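The values are calculated or read from the model by the stated rules, or taken from the named source; none is laboratory data. All of these numbers come straight from a predicted model, not from anything done at the bench. We place every Cβ from the backbone using ideal geometry, glycine too, and count neighbours over all the protein chains shown. We work out accessible area using only protein heavy atoms, side chains counted, and drop any ligands, DNA or RNA first. Shrake-Rupley method; radii C 1.70, N 1.55, O 1.52, S 1.80 Å.
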Amino acid sequence: MLIASTVILISSCNHTKNEEEIAEVNLKLQEADKQKDYQHLQMLADSLGKTGDLQEGESYYWQAYAYYRMKHRRAAEFFWKEAMNATENATDANSLTIYAKSASYLAGLYIRYINFTSAHRVVKPALEKLDKAGFDESSDYTNLLIFEGCCKGYFNPEDTVCRQLFDRAYERHLQHISNDPSPETYRNAVVGFINIAYGWLCVKKYQLGLTWTERLGRLVKDYKKRYPQDEAYIDKQWARYIIFSAIALEALGQMDKADEAFMEYQQTRFSKTFEGQMDASDYLLMAGHWEEAAENMSNLDELFASEQAGQSLEDIQTKLLKKYRANYKAGLVDSANAVANQICQRLDSAIIRSQWVDSEEQETIRLKEEQILEQQERLSKGRMLALVTTIILLSIFFVVYTIIRHRAQNRLAAAYTQLEKKNEQLVVANARAEESARMKTNFIQQISHEIRTPLNILSGFTQIVTTPGMELDDETKTDINHQITENTDRITELVNKMLELSDASSISVIECTDQIPVMQIASEAIDAAGIGEAPHLIFELQADPAVENLILHTNQTAATRALTLLLDNAQKFTHAPEAKGNQILTDEKAHALLKISVEQGNILFVVEDTGIGVPTEEAEHIFEEFVQLDEYYNGTGIGLTVARSLVRRIGGDIKIDTSYKAGARFVMQLPMD
């Protein structure tokens with residue numbers, strides 16, 4: 001008992017903080033947050049955690065929050081996970097609060113990036129833990145209910161449990177307001193209602209979206225009565241209520257009411273902001289008001305500059321492509337071409353910036369992992385020192401002390417051995433990083449070439465169309481329009497491939513909820529690839545009778561896309577490389593074959609061709625990012641990477657059969673269950 005008491009006293013003396021010290025620490029954190037100095041907030045939380053002024057979980061939570069505000073998504077994800085791990089077994093109110101907040105923010109982060117599978121993995125155990133602890137009265141718990149409903153609604157909009165969760169959250173928010181009608185309580189409820197209303201609109205349940213939008217409007221009106229001085233916040237939330245209503249009414253066929261709502265929206269101050277104009281564009285695009293949408297986004301560059309945005313792949317996808325679509329649909333060919341050119345110009349920098357941010361965040365995570373290990377080691381050594389000191393003070397037998405010291409030396413030797421192994425692994429990792437950097441450089445050069453070709457074509461036709469006095473017959477106009485559409489589609493496809501590559505790096509599982517005939521997957525992939533109409537080869541489809549009426553439980557989009565990429569690969573490498581002209585490889589046409597069969601509970605899609613083939617030693621290398629074995633073939637080197645990633649995330653795999661020597665043979669395997 002004496003030994004235990006002494007150890008506890010020594011271990012805890014440096015961690016006891018009075019209420020004044022705790023209040024001072026919280027004031028520092030809140031002030032940094034209020035000033036929006038998030039870099040200082042991260043450093044402050046890290047420092048206070050190291051000194052023991054903040055609990056471990058609380059330090060991780062604030063660091064995650066700071067990284068999230070700085071748009072470092074992966075770092076925020078890492079620290080929120082660490083915060084949840086640190087408070088996993090805690091039972092005190094402060095730790096449970098940190099756990100609930102971290103779970104709520106992490107789930108919200110996943111949902112923002114359409115990763116509902118990962119969000120569900122966070123929300124479900126978090127709700128179970130908080131229910132078990134009886135900690136279910138906070139707004140963070142209510143937000144977790146909403147996120148759970150969003151997950152269920154995304155995978156199955158008809159799921160009645162989803163609506164029950166939302167109704168439960170609705171009643172809780174109203175109860176919170178009744179118990180504490182403070183601005184913070186109202187704002188938490190507003191965020192919850194916006195998430196629900198927007199979620200229903202996203203899955204095209206417009207009547208439900210309108211119902212929740214009306215609830216949002218009533219809540220904002222009530223807030224305005226209590227806090228009329230908060231004009232900026234009221235204007236923003238009321239504007240959101242109006243634009244959500246306009247979108248729902250337009251989709252429900254009530255165009256006149258939708259137009260009236262949109263006119264009212266344009267009177268709000270929020271509609272003049274960057275976020276407000278993008279919301280307006282969503283409505284105009286949905287309503288088919290192409291010219292108004294194009295006009296609304298005409299000052300997008302100025303808005304980008306004011307918001308320091310427009311340089312990421314996400315901005316290109318969610319904003320610039322919308323602007324291109326609006327101008328193209330409005331018949332503003334010159335403006336559409338200008339936007340396409342702008343997309344191409346920003347694409348390289350967006351890719352490089354994305355890679356740089358990823359590298360920086362990975363380095364931050366690596367350093368923090370090393371710090372955690374060092375802290376654990378110091379804590380272990382500290383406890384050992386306290387124990388040894390206590391043993392010495394109590395004159396415990398020298399033999400016991402010798403045994404303990406011997407064990408400590410063994411652990412140190414093991415740790416040293418492990419450190420040497422990690423150093424060796426680091427050398428290998430650095431070599432791989434250098435190789436990756438080289439491949440990425442080649443990839444960027446290839447992307448520039450891919451962009452330049454359609455841009456030159458677009459530029460040439462633009463000069464023809466805009467030449468004064470130029471008269472063109474209908475056939476020529478049709479051909480020019482076809483060429484412009486084809487090349488702008490090529491640029492759009494390139495951007496989509498970049499986004500596919502970004503998604504391919506995710507380790508999340510794709511939900512398999514589709515019941516789809518096997519032959520439908522093959523048919524859709526063949527049509528998407530266009531391999532059946534390729535003039536330079538003969539394509540054949542062979543299917544065992546056993547699969548002709550077979551239904552597969554999988555993800556239709558992922559399976560079809562992966563097979564399409566394999567067929568694209570076969571079509572590409574049975575044709576002469578672009579750098580050598582467009583002649584066919586031989587005097588005879590090449591052959592491509594898709595065979596479908598059942599083997600040991602799996603569906604096999606075998607794609608084989610008589611093209612250039614793959615050397616045996618490169619069988620796995622070709623599935624890595626940016627790898628192209630023949631530089632004379634145009635392409636990005638990411639098709640096979642994306643295909644394998646998609647198939648593995650739905651429970652299957654893609655391999656190359658090295659025994660096939662007449663060309664290349666890829667085997668895509670999908671489980672029947």
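Below is a table of values for the structure above.
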read-out: Computed lengthening from Asp657 to Val400, 0.36 nm per intervening residue step minus Cα-Cα distance; value: 86.3 nm
read-out: HN-Hα J in Hz across the range 143-156 - Karplus 6.51, -1.76, 1.60, θ = phi - 60°, x for Gly and Pro; value: 4, 5, 4, 5, 5, 5, x, 4, 5, 5, x, 5, 6, 8
read-out: The range 456-470 - phi-based ³J(HN,Hα) in whole Hz, Karplus 6.51/-1.76/1.60, Gly and Pro as x; value: 4, 5, 4, 5, x, 5, 4, 5, 5, 5, 8, 5, x, x, 6
read-out: Spacing of the two label points (7 Å from each Cα toward its C-beta) at Met43 and Tyr416, in nm; value: 3.6 nm
read-out: Cα lying deepest toward the dipole's positive end in the range 62-175, options Ser95, Leu145, Ile111, charges on Cβ; value: Ile111
read-out: For the range 96-255, Kirkwood radius (reciprocal of mean inverse C-alpha pair distance, Å); value: 16.1 Å
read-out: Listed residues Leu216, Ile243, Met263: farthest to the positive end of the dipole of the range 214-282 (Cβ charges); value: Leu216
read-out: Accessible-area composition of the range 210-272, carbon plus sulfur, in percent [1.4 Å probe]; value: 49 percent
read-out: Within the accessible area of the range 383-430 (1.4 Å probe), percent carbon and sulfur; value: 66 percent
read-out: Difference of contour (0.36 nm per residue) and Cα-Cα distance, Val465 to Glu88; value: 129.2 nm
